[in-house]
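What follows is a set of notes on a single structure, which appears directly below.
The values are calculated or read from the model by the stated rules, or taken from the named source; none is laboratory data. Since this is a predicted model, take the numbers as computed values, not measurements. Every residue, glycine as well, gets a Cβ built from its backbone with ideal geometry; the counts of neighbours run over all protein chains shown. Quick note on the areas: whole protein, heavy atoms, side chains included, nothing else; ligands and nucleic acids left out. Shrake-Rupley method; radii C 1.70, N 1.55, O 1.52, S 1.80 Å.
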Amino acid sequence: MFRERYLTHEEMVTTMHGWQAAHPECVHVATIGKTTEGRDILLLVIGPDRDRIRPAAWIDGNMHATELCGSSVALAIAEDVIALHSGKKTIRDLPEHVCDRLREVLFYVLPRMCPDGADAVLKSGRYVRSNARDRRTHSPTPRWIVEDVDGDGLALVMRKRDATGDYVEAPDMPGIMLPRTIEDVGPFYKVYPEGRIENFDGKNIPNPHYLSDNDADVNRNFPYGWAPNHEQLGAGIYAMSEPETRAVVEFTTAHPNIATWLNLHTFGGVYIRPLGGAPDSKMNPTDLGLYNQIEAWGKEYTGYPTVSGFHEFLYEPDKPLRGDITDYAYHQRGALAYTCELWDLFAKLGIERKKPFVDHYRILTRDDLKNLATWDKANNESRLFRPWKKAQHPQLGEVEVGGMDTRVGMSNPPYEMIADICEAQSKMYLRIAAMAPSLHIEHVSTTKLAGDAWRVDVAIENRGYLPTNVLESAKEISLDARVFVEAESASCKLASDARVCAGHLSGWGRGLFDASTSIFHARSRGSLSRFVASFTGEGQGAVQISAHGLRTGGIKLVIEV
């Protein structure tokens, strides 16, 4: 049902284990960690012979608790890949040869990185950044604790009449709260999270903050470029302090075969690519060409633009995000990684594309909010705006509780739109996963030498789009992705040079708009994707030639001499 609604953790566990039971030959559910509330952090491993290393595609979703649609899209991609291994020739308008290529790629799918937080959101509607926990040591400073005040099971927002209030009810749309203007005549309101104030002195109300009672944003807790909490809110106590972050880092570090990486969020309708901390002029130009290809597919299959994290997605000018998962995947794991903000609510409201893109979240008018209310009524069964109900607050006295329930229609698409979003994102990402390097070996010749000596020549080729090192920039990191070729024989005596380095083998792809791909001067590169290895020895029998790399896995060929 994940294409029709948002699943609880237990429902997701049932779905994943159901796939494993139905398709044991190609689906395995692995537990890569546990949350502080004891929930398993579950990963789908999809592909036969899962322990055989070969290039892999990674998908993760729902690292931010309110962003539930990421789980749906991750599960949808997983279901499509399972179909490929279960008899379907093609899926999602993909040519048959592309589907054959995908069957040779392992898929690691983490549908829900923060199950504790997601279940809290699904149950109560409260805002949680990643997980509803707080392990910080607090001074007796007043702060907001989100709780259900009126006993309806939800924790949304409260409003209280106040002459100094900065909000006013829309005169033509009762119940809709708008930022106050100088022309408004009131009544005026203060709007607070539904909950109580810890360490309240009875007089001074603290400013609400989205991390007031949930401490860490796991997307600021990854090790690459991590900065402490006083420099960046949500960073956590230390890098990888969160069990969810640590589980992802430990698994992906142990699996350097991950070539492509999709990190799913909501909302906005945009793809965010590296670099996160520097302008494009500092980016490897070959890498940039690969992201140009991602941008082209994004426009074609989803209509989403692709933007640089540094140029168009900084919340504060000249203050890059730190400890971000995409930076970790790109810089530290050498993966072709990007983020997708699912669900283009801005387009639904008729808001024109802003540049930088991040201004969509900041520059919104009163008319935009009115349009949201109108759209919600017409297209979302009025799920967004809840009626205000009077309640007695233990600290603030009479308040009204209700307001926006952002789970369906803002933070996530309406249930009726999930399936279309899943289909479009799967169409796109499966093409990216099919870019993975593909190592092949073939016997070129056997030459008789003096006596019973011989020489065997074999060709190692990368027939995939991406090079065996995946990214050009990945050559600079400590991950040694070179390909090595070895010869072994139980019956023949091999020369001492039975192991040679083939180095990095280029793929046939060059991204888009690379200077070397001009249609006005069409030229191919030389034999950069092919390496011929020669081995000499004496005797008769079988010689096994193997080629292997850290990111490509291994292949073998047996030759009789």
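Here are the numbers for this structure:
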{"read-out": "nm² value of the averaged projected area, convex hull over the Cα atoms of segment 103-208", "value": "11.9"}
{"read-out": "Over segment 268-380, volume per residue of the alpha carbon convex hull, in Å³", "value": "115"}
{"read-out": "Size of segment 353-446 as Cα extents on the principal axes (Å, biggest first)", "value": "91, 32, 29"}
{"read-out": "Size of electric dipole in segment 402-511: Cβ of Lys, Arg +1 and of Asp, Glu -1, about Cα centre, debye, nearest 20", "value": "240"}
{"read-out": "Exposure ranking of TYR192, TYR301 by accessible area [1.4 Å probe, largest first]", "value": "TYR301, TYR192"}
{"read-out": "Neighbour-limited loop hits for GluC sites (Glu not before Pro), segment 160-239 (at most 12 other Cβ within 10 Å; DSSP other than H, G, I, E, B)", "value": "GLU183, GLU231"}
{"read-out": "Rounded to the nearest 10 Å², the accessible area of VAL558 at probe 1.4 Å", "value": "90"}
{"read-out": "Which of ALA337, CYS422, ASN214, positive extreme of dipole for the chain (C-beta unit charges)", "value": "ALA337"}
{"read-out": "Residue-level accessible surface for ASP514, protein heavy atoms, 1.4 Å, Å²", "value": "50"}
{"read-out": "Folded to 0 to 90 degrees: helix 366-379 orientation relative to the chain principal axis, Cα", "value": "70"}
{"read-out": "Within segment 360-380, backbone nitrogen closer than 17 Å to the virtual label 7 Å beyond the Cα of ARG180 toward Cβ", "value": "366"}
{"read-out": "Solvent exposure ordering (accessible area, 1.4 Å, most first) of LYS348, LYS190", "value": "LYS348, LYS190"}
{"read-out": "Loop-located GluC sites (Glu not before Pro) in segment 301-398, at most 15 other Cβ atoms within 10 Å (DSSP)", "value": "GLU352, GLU381"}
{"read-out": "Using alpha-carbon coordinates, inclination of helix 9-22 to the longest axis of the chain, degrees", "value": "30"}
{"read-out": "The chain: relative contact order as a whole-number percent, Cα under 8 Å and 6+ apart", "value": "15"}
{"read-out": "Per residue, the convex hull volume that the Cα atoms of the chain enclose (Å³)", "value": "174"}
{"read-out": "Segment 59-119: trypsin sites (Lys or Arg not before Pro) in DSSP loop, at most 14 other beta carbons within 10 Å", "value": "LYS88, LYS89, ARG103"}
{"read-out": "Unit Cα scatterers, Debye sum, segment 406-528: log10 I(q)/I(0) for q = 0.09, 0.12, 0.13, 0.23 Å⁻¹", "value": "-0.49, -0.72, -0.79, -1.33"}
{"read-out": "FRET efficiency, 1/(1 + (r/R0)^6) with R0 60 Å, evaluated for GLU25 and ILE205 via beta carbons", "value": "0.50"}
{"read-out": "Average Cα contact separation per residue, segment 61-184, under 8 Å, 6 or more apart, as relative contact order %", "value": "23"}
{"read-out": "Per-bin percent of Cα-Cα distances, segment 476-561 [10 Å]", "value": "15, 35, 26, 16, 7, 1"}
{"read-out": "Helix axis angle, 115-124 relative to the chain longest principal axis, alpha carbon, degrees", "value": "30"}
{"read-out": "Solvent-accessible surface (1.4 angstrom probe) belonging to SER382, in square angstrom, nearest 10", "value": "60"}
{"read-out": "Carbon + sulfur, % of accessible area of segment 182-241 - ligands and nucleic acids excluded, 1.4 Å", "value": "54"}
{"read-out": "Lys pairs, segment 283-416 - Cα-Cα below 19 angstrom, 8 or more residues apart or on other chains", "value": "6"}
{"read-out": "Largest to smallest accessible area among SER489, SER71 [probe 1.4 Å]", "value": "SER489, SER71"}
{"read-out": "Estimated [θ] at 222 nm from DSSP helical runs (n ≥ 4, -39500 (n - 2.57)) normalised by residues in the chain, nearest 500", "value": "-6000 deg cm²/dmol"}
